[in-house]
Amino acid sequence: MNHTSRDLTGQDRLVETPRFRAAFRQVPAPVAIVLVPAGPAGVTGITCTSATSLSGQPPMVLVAVDEKTGLAPLAERAGRFSINYLAADRAAWAQAFAARGRDLDELTAAVVTGRTQVPTLATGTTAVLECRTTAVHQGGDHWILCGEVLHARSQTDARPLLYLNGRYGTFQADEL
């Protein structure tokens, strides 16, 4: 059953947007660049902090992207996208791609064609997932891209870039 905020009262009323955002500012998130083989420059990319695994069998991911970026329809038409999880030393890349629906121009040297003919980042990542778009769903003011993972690569000696409370940082494991 679907409810909208105007249908709900009392305990079931949706939380206010500022309170919701304040809560999620305290949840660390990995930082990724999502790339799609489309757009005026041939490749379009955005910074994303909501890309995660969806299924292990079959291997699938989901990515939530703001509808204002225009990335979801591009990924749906192209049928492919990549998720490039950034290494800790790539905060400048995250900031560069944080502009909505940014076409790649300054970082073209870092973009290469992946194993499955989807654009990926050649360096500066902890993991790269090359995906086939399987579904696109609307969720509020975002689109949810679902994709089957066709190829994955990782770099285990790189520390991940994280986003927390409006700032970029990294993770240092405790010695146990």
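Tally up the carbon and sulfur contribution to the accessible surface of region 39-176 as a whole percent, 1.4 Å probe, everything protein left in place. Accessible surface attributable to carbon and sulfur in region 39-176 totals 50 percent.
Remark on region 14-119: Rg and Dmax equal 14.5, 45 Å (Cα only). With coordinates expressed along the principal axes, the C-alpha atoms belonging to region 111-167 extend over 36, 35, 18 Å, beginning with the largest.
Helical content alone sets the calculated 222 nm signal of the chain at -3500 deg cm²/dmol, taking -39,500 (n - 2.57) per DSSP H segment of four or more residues and averaging over every residue. Ordering 60-72, 144-156, 33-45, 14-26 by mean Cβ neighbour count within 10 Å, with the highest value first, yields 33-45, 60-72, 144-156, 14-26.
In whole angstrom, region 39-176 maps to an equivalent ellipsoid with semi-axes of 22, 18, 16, each derived as √(5λ) from the alpha carbon gyration tensor and ordered largest first. When you restrict to C-alpha pairs under 8 Å that are six or more residues apart and normalise by the size of the chain, the relative contact order lands at 25 percent.
The values are calculated or read from the model by the stated rules, or taken from the named source; none is laboratory data. Since this is a predicted model, take the numbers as computed values, not measurements. Positions of Cβ are backbone-derived with ideal geometry, glycine not excepted, and every protein chain shown enters the neighbour counts. What goes into the accessible areas is simple: the full protein's heavy atoms, side chains included, and nothing from ligands, DNA or RNA. Shrake-Rupley method; radii C 1.70, N 1.55, O 1.52, S 1.80 Å.
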